[in-house]
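> First the structure, then my questions, so here it is.
Quick note: the coordinates plus some simple rules give every number you see, no bench work behind them. Computed from a predicted model, the values in this text were never measured in an experiment. All Cβ positions, even for glycine, are placed from backbone atoms using ideal geometry, and neighbour counts span all protein chains on display.
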């Protein structure tokens, strides 16, 4: 099957599916970066603004700009009260619409595996960040099973179905991230694994959120009801439930940071 880019156009659906996961991982990531206050930030692939909002809340920035190709996601981002100071722009991660050395920090939050040519995306972040500035990213370990929707994806694969994957899944690997950061000449490179856990009220709460995905949802909608029921039963058996039916499980991401020389 030819891999196709995944596009998220519904900001509200993305919020329910991935918003909580994004905040959990984003909190850990920003604490690890420990940035100074009063920086100029660019959030590349900002989506519906969940991480942009964290930048505003946790770092006391001078300015924040978010870039994303989806009008629907950007429209949702602009409604976030916690991100009112941020400016959101439609744009491409591989051709950022800013002059060189415009920012102090450039971030890709859960995005690099969606960039068709990750090396170009990283090079663009380096271009728009001033000497001494920070280039950082974190990505669900798609290749290693760290993606939050892995319980559903795993059972789909067992059943012989192939959800559409991001175009650059290999970029989620730590060794690939390190190579990308090294190739553009960044220094003081550091990495870490981010592990988070999320809870759902019950299986229906989990299933409703998980099946909003831009790859999983359309695939399930195309299958016979009997196939969906079998997959759903197997996913339910895979997840731990406590006495009240509550479900908790974890996901993990690879994070990297580096400094522009100078």
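> Would you list 200, 113 from fewest to most Cβ contacts within 10 Å?
Neighbour counts put them in this order, fewest first: 200, 113.
> Once both labels are modelled 7 Å past Cα along the beta-carbon direction, what's the residue 249-residue 130 spacing in nm?
It is 4.6 nm.
> Remind me, relative contact order of region 106-160 in percent, using alpha carbon pairs under 8 angstrom and six or more residues apart? Let's see the in-between values first.
Numbers: 37 pairs, mean separation 21.5, N = 55.
So the answer I get is 39 percent.
> If you average 1/r across every pair of different Cα atoms in region 1-153 and take the reciprocal, what Kirkwood value do you get, in Å? Provide the component values of the computation, followed by the final result.
On the way: mean 1/r = 0.0643 Å⁻¹.
Final number for the Kirkwood radius of region 1-153 is 15.6 Å.
> Next question, about the same structure. Compute the long axis of helix 225-238 from its Cα atoms, compare it with the longest principal axis of the Cα atoms of the chain, and write down the angle in degrees, 0 to 90, nearest 10.
Relative to the chain, helix 225-238 is tipped by roughly 70 degrees.
> Out of all DSSP beta bridges with both ends in the chain, state the antiparallel percent to the nearest 5.
Of those bridges, close to 50 percent are antiparallel.
> Still on this structure, I have one more. Quick one: compute the contact order of the chain, relative version, from alpha carbon pairs under 8 angstrom and 6+ residues apart, as a percent. Intermediate values should be presented prior to the final figure.
On the way: 523 pairs, mean separation 58.2, N = 262.
That works out to 22 percent.
> In whole Å and largest first, what semi-axes does the C-alpha gyration tensor of region 153-194 yield when each eigenvalue is scaled by 5 and square-rooted?
Numbers: eigenvalues 195, 27, 6 Å².
The answer is 31, 12, 6 Å, longest axis first.
> Per the Debye formula with a single identical scatterer at each Cα and no solvent contribution, what log10 I(q)/I(0) holds for the chain at q = 0.12 Å⁻¹?
Values returned for q = 0.12 Å⁻¹ are -0.70.
> Compute the angle between helix 50-59 and the longest alpha-carbon principal axis of the chain, please, reported from 0 to 90 degrees and rounded to the nearest 10.
50
> What angle do you read, to the nearest 10 degrees and between 0 and 90, between the alpha-carbon axis of helix 174-183 and the longest principal axis of the chain?
For 174-183 against the chain, the angle is about 20 degrees.
> Shifting gears a bit: Only counting other Cβ atoms within 10 Å, I'd like 222, 70 sorted with the fewest neighbours first. Don't jump to the answer; show the numbers that get you there.
Numbers: 222 10, 70 20.
The fewest-first ordering by Cβ neighbours comes to 222, 70.
> Treat region 59-133 as a sphere of radius equal to its Kirkwood radius over Cα pairs and apply Stokes-Einstein at 37 °C in a medium of 0.692 mPa s; give the translational diffusion coefficient in µm²/s, rounded to a whole number. Write down the numbers at each step before the final one.
On the way: Rh = 13.1 Å.
So the translational diffusion coefficient is about 250 µm²/s.
> If you don't mind, there's one more thing I want to ask. Give me the percent relative contact order of region 187-261, please, defined on Cα pairs under 8 angstrom at least 6 residues apart. Before the final figure, lay out the partial values.
Working: 75 pairs, mean separation 48.0, N = 75.
In percent, rounded to a whole number, it is 64.
> Same structure again: Testing the spin-label approximation: label points 7 Å from Cα along Cα→Cβ at residue 193 and residue 81. State their distance in nm.
For the pair residue 193/residue 81, the computed spacing is 3.9 nm.
> Taking Rh as the Kirkwood radius computed over C-alpha pairs, what is the Stokes-Einstein D of region 168-233 at 4 °C in a medium of viscosity 1.567 mPa s, expressed in µm² per second?
Working: Rh = 15.6 Å.
Translational diffusion coefficient: 83 µm²/s.
> In which sequence would 94, 18 go, from the one with the fewest C-beta neighbours within 10 Å to the one with the most? Write down the numbers at each step before the final one.
Values: 94 16, 18 23.
Fewest to most other Cβ atoms nearby, the residues stand as 94, 18.
> What does the convex hull of the Cα atoms come to per residue for region 40-102, in Å³? Could you put the intermediate results ahead of the total?
Details: hull volume 4.2 nm³, N = 63.
Convex hull of Cα atoms, per residue: 67 Å³.
> Running Debye on region 144-262 with equal point scatterers at the Cα sites and no solvent, what base-10 log of I(q)/I(0) appears at q = 0.09, 0.22 Å⁻¹?
For the requested q values the scattering log ratios are -0.35, -1.24.
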